[in-house]
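Report on the following structure.
The values are calculated or read from the model by the stated rules, or taken from the named source; none is laboratory data. Nothing here was measured: the structure is a model prediction, and the numbers come from that model. Here the Cβ positions follow ideal geometry from the backbone for every residue, glycine too, while neighbour counts run over all protein chains shown. The accessibility values were calculated without ligands, DNA or RNA, using every heavy atom of the protein model including side chains. Shrake-Rupley method; radii C 1.70, N 1.55, O 1.52, S 1.80 Å.
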Amino acid sequence: MKGIPRLRLLSYGVIAYMLLAFAWWSVLLFTKNRDAFAAKRELLHLVMIAREEINTDEDFFKSKPYLELEQSYKRQEWMVLGEALVFVISLVIGVWLINRGYNKQVMAAQQRRNFLLSITHELKSPIASIKLVLETFRKRKLRDDQIQKLSNNGLKEAERLNTLVTDLLLSAKLETAYSPYMEDLNLAELLEDLVYKIQDKSPKAQLHFHHQTNISDMHGDKAGLTSVFINLLENAIKYSSGNPVIHVSIKQKNNHIQIEIADNGIGVPDKEKEHIFEKFYRVGSENTRTTKGTGLGLYIVKEIIKAHKGNIQVKDNLPKGTVFCIELPVEKINKTDDQLLEEQKINQA
Ligand code: ADP
């Protein structure tokens with residue numbers, strides 16, 4: 001990483017040299033062209049005087065051979081100018097493309113580094129906690145309540161590890177072989193259940209659920225959409241300090257179901273909004289972040305919503321916090337061949 005700025009400096013130097021050299025060559029070409037024109041004009045003048053075709057300078061400047069010579073000179077001048085412009089424009093576009101590619105590479109490398117650092121930490125810390133619990137069980141005689149408490153901690157850590165591995169597998173699958181298992185779903189019921197589950201797990205947070213009655217059933221992948229809502233609800237709590245207040249609402253507008261998850265947390269800066277759905281992307285760096293995570297959650301969310309032909313947006317909440325708005329179509333989505341085959345098998349059985 002240390003060599004990259006030096007490399008960039010070197011490439012800027014080369015580009016600056018190319019531009020200067022080109023400007024110099026263009027000026028030289030202009031001068032040479034002008035000198036050649038002056039020499040040709042002198043020669044033509046002498047020839048025409050010798051042939052007694054002209055008497056005065058005015059006759060010369062109005063003569064056909066001179067006008068043709070002047071036209072050819074101007075044409076050449078425009079040609080040099082045109083070439084120079086095309087070259088400069090191509091160079092600028094080329095440099096811009098290289099720069100953009102380079103910045104993308106640097107960002108991807110940074111994200112990979114962040115991901116490796118966070119994943120190592122995320123994997124190691126539950127393993128260490130579970131190891132500690134087991135070692136305590138082995139070495140010490142514990143009371144029932146202590147056993148209960150330690151087992152709960154161990155189970156929590158195991159669950160964290162499981163979620164992480166599931167996320168990793170799901171994100172790999174989303175890139176290649178994800179085919180949602182579509183079934184009839186009542187999204188309002190699913191969301192309400194999850195809100196209660198998360199509320200149980202996080203007593204410090206206040207979750208409010210608002211829903212319109214008569215929301216149509218939709219066709220969706222229950223496991224996938226569950227993962228979407230859990231990710232968004234857990235993020236809403238994770239990225240809020242103190243006592244988070246979260247409003248979850250669901251309503252239907254024509255053929256679309258709209259879901260909003262609004263928190264009063266730290267918010268997402270405007271320049272980060274377009275990046276947070278990228279794989280492994282986390283706001284800030286490993287040194288400045290205080291929260292745990294891998295940057296996979298919102299990538300999974302976006303891909304699953306996309307597979308349902310829906311869309312997701314992130315907005316600012318007022319006075320502070322973030323709102324994630326999801327829109328999902330109600331109309332039925334065609335089942336995949338695998339699903340139809342599976343249903344056929346079930347019917348035959
Ligand atoms: P992770 O939470 O593992 O970092 P995510 O993909 O879920 O990964 O989120 C990506 C980034 O988006 C997070 O690092 C965080 O900075 C930001 N983010 C996500 N949800 C919220 C939220 N509700 N409030 C503020 N920032 C958020």
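Of all beta bridges DSSP finds with both residues in the stretch 164-316, what is the antiparallel percent, to the nearest 5? If I count the DSSP bridges inside the stretch 164-316, around 65 percent turn out antiparallel. Pop the C-beta distance of LEU117 and GLU83 into the FRET formula with R0 = 51 Å and round what comes out to the nearest 0.05. The pair LEU117/GLU83 has a calculated efficiency of 0.50. Taking every protein chain into account, the accessible area of the chain amounts to 66 square angstrom per residue (probe 1.4 Å). Estimated from the Cβ-Cβ distance and a Förster radius of 25 angstrom, the FRET efficiency linking ARG100 and LEU20 is about 0.60.
Rounded to the nearest 20, the Cβ-based charge dipole of the chain about its Cα centre (Lys and Arg +1, Asp and Glu -1) stands at 1800 debye. For the chain, averaging the sequence separation of C-alpha pairs within contact (under 8 Å, six or more residues apart) and dividing by the residue count gives a relative contact order of 14 percent. PRE reach from LYS320 (point 7 Å along Cα→Cβ): which of the stretch 221-253 fall under 17 Å by backbone N? Correct set: 236-247. Residues in the stretch 119-127 carry Karplus couplings, in order, of 5, 4, 5, 5, 7, 6, 5, x, 4 Hz; the curve used is 6.51 cos²θ - 1.76 cosθ + 1.60 with θ = phi - 60°, and Gly or Pro positions show x.
Other residues lying with their Cβ under 14 Å from the Cβ of GLY224 contribute a combined charge of +1, Lys and Arg counting +1, Asp and Glu -1. Nonpolar atom fraction for the stretch 132-239, defined as the carbon and sulfur part of the 1.4 Å probe accessible area, stands at 52 percent. What angle do you read, to the nearest 10 degrees and between 0 and 90, between the alpha-carbon axis of helix 337-348 and the longest principal axis of the chain? Relative to the chain, helix 337-348 is tipped by roughly 30 degrees. Of the residues LEU170, PRO180, ASN214, the one whose Cα sits farthest towards the positive end of the charge dipole of the stretch 156-224 is LEU170 (charges of +1 on Lys and Arg Cβ, -1 on Asp and Glu Cβ, taken about the Cα centre). Ratio of Rg to Rh for the chain: 1.30 [Cα atoms; Kirkwood radius as inverse mean 1/r over pairs]. Only protein atoms count toward the accessible area here, which uses a 1.4 Å probe; on the stretch 272-323, the carbon and sulfur part of that area reaches 52 percent. A simple rule links phi to the HN-Hα coupling: the Karplus curve 6.51 cos²θ - 1.76 cosθ + 1.60 with θ = phi - 60°, which for the stretch 180-188 gives x, 8, 7, 8, 5, 9, 9, 5, 4 Hz, with x for Gly and Pro. Computed extension length for LEU132-ILE147: 4.1 nm, one decimal, from 0.36 nm per residue of separation with the Cα-Cα distance subtracted. Extension gain, ALA108 to ASN55: 0.36 nm times the residue separation minus the Cα-Cα distance gives 11.5 nm.
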